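Please treat every number below as a calculation from the coordinates, not as lab data. Predicted model, so just to flag it, every value in this text is computed and none were measured. Positions of Cβ are backbone-derived with ideal geometry, glycine not excepted, and every protein chain shown enters the neighbour counts.
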Amino acid sequence: MALLQVQGLQAGYGASRVLHGIDLTVGDGCIVTLLGKNGMGKTTTLKSVMGLLPKQAGGVHFAGRDITRMAAFEVARLGLGWVPEGRQVFPTLTVQENLVATAANRHGATQPFTLQRVYGFFPRLAERAANLGNQLSGGEQQMLAIGRALMTNPKLLVLDEATEGLAPLVRAEIWRVLGALRATGMAMLVVDKNLGALMDLADQHVVLEKGRVVWQGDSAALRADQATVQGHLGL
């Protein structure tokens with residue numbers, strides 16, 4: 001069953017069009033990646049899906065509802081959890097305040113994400129619960145951004161550059177948590193540059209080039225066609 005369906009999506013900034021008809025589907029409980037060089041439209045796609053950027057054409061449906069013209073707060077309330085590039089935690093709130101600021105269980109999850117559950121995924125956040133957002137390391141801020149999204153109890157977690165600029169040990173911790181979330185049935189749409197980790201984590205991969213889909217397939221197909229895909233990624 002399609003949880004998220006994007007059809008013919010066109011979007012951009014002002015008079016500049018970045019996306020030229022993006023099609024992608026995220027199934028219920030599935031993980032899909034967006035791959036591509038910098039500037040190919042990955043973040044623009046995520047922002048358009050989230051309602052943070054107006055769509056110029058095409059449509060987006062989520063959980064059977066047309067969300068094409070919805071505002072970002074309406075999209076979030078339907079169950080899309082946003083983990084933006086650059087973390088964007090609240091700098092003058094504590095870790096615990098960041099986590100509870102937007103916490104909700106609007107869809108009646110039987111095992112909702114609570115403070116204790118998020119701290120279970122990220123023990124470091126429990127240790128830093130009383131620290132302000134601007135007192136955290138970059139890795140801790142990334143953990144907090146993911147935890148904050150989880151506290152909204154999303155049906156789909158949308159992550160933009162989840163491990164960019166992080167130390168290897170912190171990256172490994174993030175991938176461990178994403179793998180644990182996968183085991184719970186959490187659907188995800190992920191942008192990241194770590195191809196090896198993404199192949200282990202995800203079900204489907206979509207490669208963008210100049211705002212168009214140029215390749216898509218599962219991890220087995222990606223491994224079999226790495227030369228072609230890496231040409232699009234500039235690896």
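Residues that are farther than 18 Å from residue 86 by Cβ and among the basic types (Lys, Arg) within region 35-75 comprise 37, 55, 65, 69, listed in sequence order. What number of residues within region 107-135 satisfy the criterion of being touching a Pro at 6+ places or on another chain (Cβ under 9 Å), more than 23 Å from residue 73 (Cα to Cα) and not polar (S, T, N, Q)? Final tally of qualifying residues: 1. Applying the criterion of being out of contact with any Pro (no Cβ under 7 Å at 6 or more places or on another chain) and within 19 Å of residue 26 (Cα to Cα) to the residues of region 73-88, the residue that is surrounded by the fewest Cβ atoms within 10 Å (Cβ to Cβ) is 77.
Close Cβ contacts (under 9 Å, 6 or more residues apart or on different chains) running from residues in region 32-54 that are within 19 Å of residue 78 (Cα to Cα) to residues that are assigned to a helix (DSSP H, G or I) and of a type in the set (Ser, Thr, Tyr) comprise 53/44; 54/48. Set side by side, the residues 47, 55, 37 differ, and just one is more than 21 Å from residue 161 (Cα to Cα), basic (Lys, Arg) and out of contact with any Lys or Arg (no Cβ under 7 Å at 6 or more places or on another chain), which is 55.
Yes/no per residue for (1) surrounded by 19 or more Cβ atoms within 10 Å (Cβ to Cβ); (2) free of Cβ contacts under 8 Å to residues at least 12 places away in the same chain; (3) out of contact with any Pro (no Cβ under 8 Å at 6 or more places or on another chain); (4) of a type in the set (A, V, I, L, M, F, W, C):
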| position | (1), (2), (3), (4) |
| --- | --- |
| 142 | yes, no, yes, no |
| 160 | yes, no, no, no |
| 166 | yes, no, yes, yes |
| 176 | no, yes, yes, no |
| 188 | yes, no, yes, yes |
| 207 | yes, no, yes, yes |
| 211 | yes, no, yes, no |
| 219 | no, no, yes, no |
| 223 | no, no, yes, no |
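Out of curiosity, is residue 21 surrounded by 15 or more Cβ atoms within 10 Å (Cβ to Cβ) and touching a strand residue (DSSP E or B) at 6+ places or on another chain (Cβ under 8 Å)? Answer is no for this residue. So in region 54-72, with the set limited to residues that are closer than 20 Å to residue 186 by Cα and over 19 Å from the mean Cα position of the chain (by Cα), which one is surrounded by the fewest Cβ atoms within 10 Å (Cβ to Cβ)? My answer is 64. Taken together, the residues in region 24-53 that are exposed (fewer than 15 other Cβ atoms within 10 Å of the Cβ) and of a type in the set (D, E, K, R) amount to 1.
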